[in-house]
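Working notes, structure below.
The values are calculated or read from the model by the stated rules, or taken from the named source; none is laboratory data. Predicted model only: the values in this text are computed from it and were never measured. Neighbour counts are summed over all protein chains in view; Cβ atoms, including those assigned to glycine, are modelled from backbone coordinates with ideal geometry. Heads up: the accessible areas ignore ligands, DNA and RNA and are worked out on the full protein's heavy atoms, side chains in. Shrake-Rupley method; radii C 1.70, N 1.55, O 1.52, S 1.80 Å.
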Amino acid sequence: MQGCLQGKVAFITGGGSGIGAATAERFAQEGARVVVCGRRLEPLEQVVTSIRAGGGEAEAVQADVSDEQAFVQALESVAERHGQLDILVNNAMAFTWGSIEETNTEQWRANFTTSVDGTFWGTRTALKLMKAHGGSIVNLSSICGELGTPWMSGYSASKAAVTNFSRAAAAEGAPYGVRVNVVIPAVVETPATEGMLSDDNARKSTEKLIPMGRVGQPEELANAILFLASDQASYITGATLPVDGGRSAVLITALD
């Protein structure tokens, strides 16, 4: 797919690490002008430096996706500065952990502000900016939004909402050539999972539940996002693509 994003302007939220950073690197390799967005500037600048060192085009935009005004303004400014917005990847996420009985209303709602509200604000803005020329929006959900996950009820509910919202957005964007699709990861080796995966026993237990026998790498998710964002997926919209080593395909795998 060499050069498949040549001349495209891509905006990636949560772009300072993990899946977002890997996606930014991959997009730049394919010729996109990449804008990475996040709350902290330092990791964003590290991603930009890495991309530029490899000959790619990138810039950092500091904005909190859970702040509607800041996020919308960031998207609109990028489109104005570059003359267009072709690709949006809604990757930023936040979650709280705890049983349903112990979760208060504030903690419950905290799961939705970034994952659902941010995805809505980003998608709504991108649809407006892309209507004249078409484009691609890729939203990140989670296997937690597909299967019941104890102690993560709020996060699971928010990711299920992202998936079904994306289907509605795909239907509304289709007449204007704006495609909206969803990538569904399971366990991926990122800073968010570092604590769990650093424990050998926890890692081995997790890997036993995955038919392919290992956790995913950010670059593997980035390749799937790249495909859906590119014209290689020109007739795909409203789709959900699990990238999970087969985890969602099985009830359980052997534990011995």
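Okay, here's what the table says:
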quantity	calculated
Neighbours by Cβ (under 6 Å, 6+ apart or cross-chain): first from the range 65-76, without any contact (Cβ under 8 Å) to a residue 24 or more places away in the chain; second acidic (Asp, Glu) and outside any helix (DSSP H, G or I)	Ala70/Asp64
Helices (runs of 4 or more DSSP H) wholly inside the range 164-249 containing at least 2 residues that are within 20 Å of Phe27 (Cβ to Cβ) and in contact with a Gly (Cβ under 9 Å, 6 or more places away or on another chain)	218-229
Condition check for Glu76: over 16 Å from the mean Cα position of the chain (by Cα), open to solvent by 60 Å² or more (accessible area, probe 1.4 Å) and among the acidic types (Asp, Glu)	yes
Verdict on Ala192 being open to solvent by less than 40 Å² (accessible area, probe 1.4 Å) and either without any contact (Cβ under 8 Å) to a residue 40 or more places away in the chain or not charged (D, E, K, R) (or both)	no
Complete set of residues in the range 84-110 that are more than 30 Å from Pro150 (Cβ to Cβ) and assigned to a loop (DSSP other than H, G, I, E, B)	Gln84, Leu85, Asp86
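Residue-by-condition table, conditions (1) in contact with a Lys or Arg (Cβ under 6 Å, 6 or more places away or on another chain); (2) farther than 19 Å from Leu226 by Cβ; (3) of a type in the set (S, T, N, Q); (4) open to solvent by 60 Å² or more (accessible area, probe 1.4 Å):
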position: Gly55; (1), (2), (3), (4): no, no, no, yes
position: Ala70; (1), (2), (3), (4): no, yes, no, no
position: Ser115; (1), (2), (3), (4): no, yes, yes, no
position: Met130; (1), (2), (3), (4): no, no, no, no
